[in-house]
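Asks: Pasting in a structure now, in structure tokens, and then I'll have a few things to ask.
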Amino acid sequence: MPSPVPDDQYDQLISKPLPPPHGRLWVQLLLFALTLATTTMVGAENYAFFTIDYTQLAALVKRDDGALMALVWQRWSLLGGLWYSLTILGILGCHEMGHYLYCRHHNIIATRPYFLPLPPLGFTLTGTLGAFIRVKSRFPDKNALFDVGVAGPIAGFVVAVPALFLGIAMSKVQPIPPDLPFTIWLGEPLLFKFAQWAVWGRIADGYSLSMHPVAFGAWFGLIATALNLFPISQLDGGHISYAVFGRRSVGITYAMIAAAIGLTVFSLSWVVWTALMLVMMWVVGPHHPPTLDDDIELGRGRLIIAGVALLILIVCFTPAPISLID
């Protein structure tokens, strides 16, 4: 007759259900709803400022009696905020779904996207910290690693480009008043400059493009795409770099970290992102983990796509994303 199991060990004999491989749907939907709310609130304020011309803005700032914020609250519109939130969530969502669908294609266990809300408290431009998926199994080979890594940036880029042209077409060119005390200058990636020239031609000195919320969402999507394509450790660009160069990619990681630190001297807007990359390096290390079969080399087609990813990085990059100009 078997001996009875002590009460304190009984729970260990009961098989506990495993967490769902694709993540808990209710958590993902809740985070998406919160991110939709925070980005819409940021977009509502962005839309309110878009409706105020620069001359009126300069006069209200000069008064310094709260009239500017009163006007902003008067024109604050959640419906107007959806222009921005749906644009940026569409870009980020397609980016992460590109990763997720290619994980499914290669039988890699991964979660559905988790969006990260950022409450619009104080100086918050975006309303979100982005989105991510969690990969729960090893990559079978370099081909799978490359496909998963490159699919996200390309999918997000495909959505960002038409949104950029549409947003710039909905924007307006305004004269810059000489008494405007300050302005937030958003660095213009090469693709943004091209879209602006294609829609508006050359903008004369003393004038500036007042961006519609759709254009701002597309601008943020371009910046996010460039940052993810940095060939560092386990970023998307790091996956691509390891798939192409193997273990030699660690040298590229160190070079890009040094470049990011150098960019903080050029523009303070790089400080937060560089700090996050240094934390990532401290947590996961500079070396990309190997795949289950590193002997498989990429074919010519994937190498061409790697060149396309590098081109996307170049046209989406700007050395000074955000500057405050007096």
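The values are calculated or read from the model by the stated rules, or taken from the named source; none is laboratory data. Being a predicted model, the structure only gives us computed values, none of them experimental. In this analysis, Cβ positions are derived from the backbone assuming ideal geometry, glycine residues included, and neighbour counts consider all displayed protein chains.
Asks: Which one of these does GLN56 not meet: (1) more than 30 Å from ILE312 (Cβ to Cβ); (2) part of a helix (DSSP H, G or I); (3) touching a strand residue (DSSP E or B) at 6+ places or on another chain (Cβ under 9 Å); (4) of a type outside the set (A, V, I, L, M, F, W, C)?
Replies: Among (1) more than 30 Å from ILE312 (Cβ to Cβ); (2) part of a helix (DSSP H, G or I); (3) touching a strand residue (DSSP E or B) at 6+ places or on another chain (Cβ under 9 Å); (4) of a type outside the set (A, V, I, L, M, F, W, C), GLN56 violates only (3).
Asks: Determine, yes or no, whether THR291 is under 23 Å from CYS103 (Cα atoms), outside any helix (DSSP H, G or I), among the β-branched types (Val, Ile, Thr) and at pLDDT 85 or above. Walk me through it before giving the result.
Replies: Values: under 23 Å from CYS103 (Cα atoms): yes; outside any helix (DSSP H, G or I): yes; among the β-branched types (Val, Ile, Thr): yes; at pLDDT 85 or above: yes.
Yes.
Asks: Tell me which residues, restricted to the range 107-130, are closer than 30 Å to GLY299 by Cβ, in contact with a Pro (Cβ under 9 Å, 6 or more places away or on another chain) and crowded, with 18+ Cβ neighbours inside 10 Å. First the steps, then the outcome.
Replies: Applying the first criterion (closer than 30 Å to GLY299 by Cβ) to the range 107-130 yields 107-113.
Those left that are additionally in contact with a Pro (Cβ under 9 Å, 6 or more places away or on another chain): 107-111.
Within the range 107-130, ILE108, ALA110, THR111 qualify.
Asks: If PHE194 meets every condition in (1) under 28 Å from LEU268 (Cα atoms); (2) modelled with pLDDT under 95 apart from one, which number is that one?
Replies: Answer for PHE194: the failing condition is (2).
Asks: Related question: From (1) at pLDDT 90 or above; (2) assigned to a helix (DSSP H, G or I), pick out the condition that doesn't hold for ILE108.
Replies: Condition (2) is where ILE108 drops out.
Asks: Moving to a separate point now. Output the residues belonging to the range 228-260 that are assigned to a helix (DSSP H, G or I) and in contact with a helix residue (DSSP H, G or I) (Cβ under 6 Å, 6 or more places away or on another chain).
Replies: Here is the first cut: in the range 228-260, the residues assigned to a helix (DSSP H, G or I) are 228, 236-260.
Listed by number, the residues that qualify are ASN228, ASP236, HIS239, ILE240, SER241, TYR242, ALA243, VAL244, SER249, ILE252, ALA260.
Asks: Of all the residues that make up the range 76-92, how many are part of a helix (DSSP H, G or I) and either of a type in the set (Phe, Trp, Tyr) or surrounded by fewer than 16 Cβ atoms within 10 Å (Cβ to Cβ) (or both)?
Replies: Here the count works out to 4.
Asks: Condition test on PRO286, is it surrounded by 15 or more Cβ atoms within 10 Å (Cβ to Cβ), outside any helix (DSSP H, G or I) and not small (Gly, Ala, Ser)?
Replies: Numbers: surrounded by 15 or more Cβ atoms within 10 Å (Cβ to Cβ): yes; outside any helix (DSSP H, G or I): yes; not small (Gly, Ala, Ser): yes.
Taking the combined requirement at face value, the residue satisfies it.
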